[in-house]
Amino acid sequence: MAVDVPAKARRMPGLAIPHRMRWPLGYSAAAVLVFLAYYYMIPNLGPGGQTFFREWLPLTSVNEALVWVICALGLNIVVGYAGLLDLGFVAFWALGGYTAGWLMSGFFYQVDIHLFGGALGTAPGIHISFWLVLLIGAGFCAVWGVIIGAPTLRLKSDYLALVTLGFGEIIPQVFTNGDNVFGFNLTNGTKGITPVDPIAIGSFKLGPFDLVYKYVIFVLIVVVVVFISLRLREGRLGRAWLAIREDELAASMMGVPLMRTKLSAYAVGAVAGGLAGVAFATHVGGVLPDRFNFSISITLLAMVVLGGMGNVWGVMLGALVLAWVNSTGLPQFGTSFNEQFGTDINFPSYNYLLFGGILVLMMLFRREGILPESRTRLVLHEPSRTDMESLGADMEAPAPELDEEPLLKTTAADEPVITDETGTGTGMGMGEKV
């Protein structure tokens, strides 16, 4: 006797990977593949293959994209989790970078401090280990996050955006004009602080061309920031941030301390900005004030919006895509286009036009981003109420379920059916059909 096996039971079982582990494993696999490609495969390619990767996907652009990812994840905590519109996040990136410049160079030649740094023991200045400077930069930026956030986070929406925009403009100007602060050279002005000590791992010091090892270090920093973001998101503090993002008044009525919760979001986001600043200083070998202008904040915000506010994996994707387009993709595409058609168009000069167009299209057609957070997707795709529903007239409209023949057959022949709001019949009618 043949047994009819359901189609679902005949389906071959797939690889049992929990849903929440798919994205972490996917990104980990991609990071390992990139490392293996640049460590083993690409150096053994022919001249044509090496030229292709050197032009379209150089490892220095990959490392810089990872720095963008770290900073964008910090902004995602502020904007995506807590709903605080911040247009001056570049300030924390700059503070982290200058922390590395002060503590990993010979800029303060008046003193001689060495603590597991990558410089020679006889070099003047402050030379502290890169790993310690990461912690110091994160803590320094967290303190500044509280200092900046305390007077500003009492504001909301547009007012908060304008105030943070002001701070984002003030701090880079302080670094630009900080070569004479009451007679003391704090930032070296427009010349910046160069060079920054190399990263030291024991007795091994990473040179400027050890890009593969720097890639591994930056990937580890990204992993730490992602882990912190996800753990906070699932905890009590993360739920408080989401409550403030959804409805600040309701969150306050439910007992969420608004200022303390907002300050914590600002401080945690600033920690990521500080880590990105220290990593960026070691990536380029110094800090220059013109690298921390207002456009950086807008680019970071575009990364968060493009990827999907509140979704860690979406923000990572958005940061990687826009960072690659900004550093390599658009210039290289312009070069290929000009060579093919004999034109002389400066494509990199149109990068912000491209970013602006992307933001406009995203707001029109996909406001939730490429990989939206589930809660955001539900809110944005919630069916709109009609005018009759908003007036409460939907109670007067006929229930379509009662017009269906099968439902009538299941009820008593001579007894009308009354339905509740969900359309379920009770059988205890009042003598009329609703």
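Brief remarks follow.
- Percentage, to the nearest whole number, of Cα pairs in the range 282-333 over 13 Å apart: 64 percent
- Packing-based order for 303-315, 88-100, using average beta carbon neighbours within 10 Å, highest first: 88-100, 303-315
- Prolate/oblate/rounded call for the range 98-137, Cα gyration tensor, a/c under 1.5 rounded: oblate
- Mean separation of Cα contacts under 8 Å, 6 or more apart, over the residue count of the range 234-362: relative contact order %: 13 percent
- Shape metrics for the range 1-154, restricted to C-alpha atoms - Rg then Dmax, Å: 24.3, 94
- Maximal additional length on extending the Q173-W131 stretch stands at 12.3 nm, based on 0.36 nm per residue less the C-alpha distance.
- With an a/c value of 1.5 or above and a/b not larger than b/c for the gyration tensor axes a ≥ b ≥ c computed over the alpha-carbon atoms, the range 178-289 is described as oblate.
- Solvent accessible area, Å² - R291, 1.4 Å probe, full protein context: 100 Å²
- Using the Cβ-Cβ distance between L220 and L353 with R0 = 51 Å, the FRET efficiency computed as 1/(1 + (r/R0)^6) comes to roughly 0.90.
- Full-stretch length increase - N185, M21 - with 0.36 nm per residue and alpha-carbon distance subtracted: 54.1 nm
- Amide H contacts of G83: none lie under 5 Å away among residues 5 or more positions distant or on a separate chain (H built 1.01 Å from N in the peptide plane; Pro and chain starts excluded).
- Efficiency of FRET from Cβ geometry, V379 and Y109, R₀ 45 Å, rounded to 0.05: 0.20
- Protection proxy ranking, peptides 143-153, 32-42, average beta carbon neighbours within 10 Å, highest first: 143-153, 32-42
- Prolate/oblate/rounded label for the range 203-361 (Cα gyration tensor, a/c 1.5): oblate
The values are calculated or read from the model by the stated rules, or taken from the named source; none is laboratory data. Note that the structure is a prediction, hence the values are computed from the model and not measured. Positions of Cβ are generated from backbone atoms using ideal geometry, with glycine treated the same way; all protein chains shown enter the neighbour counts. Ligands, DNA and RNA are stripped out before the accessible areas are found, and what is left, the full protein with its side chains, is counted by its heavy atoms. Shrake-Rupley method; radii C 1.70, N 1.55, O 1.52, S 1.80 Å.
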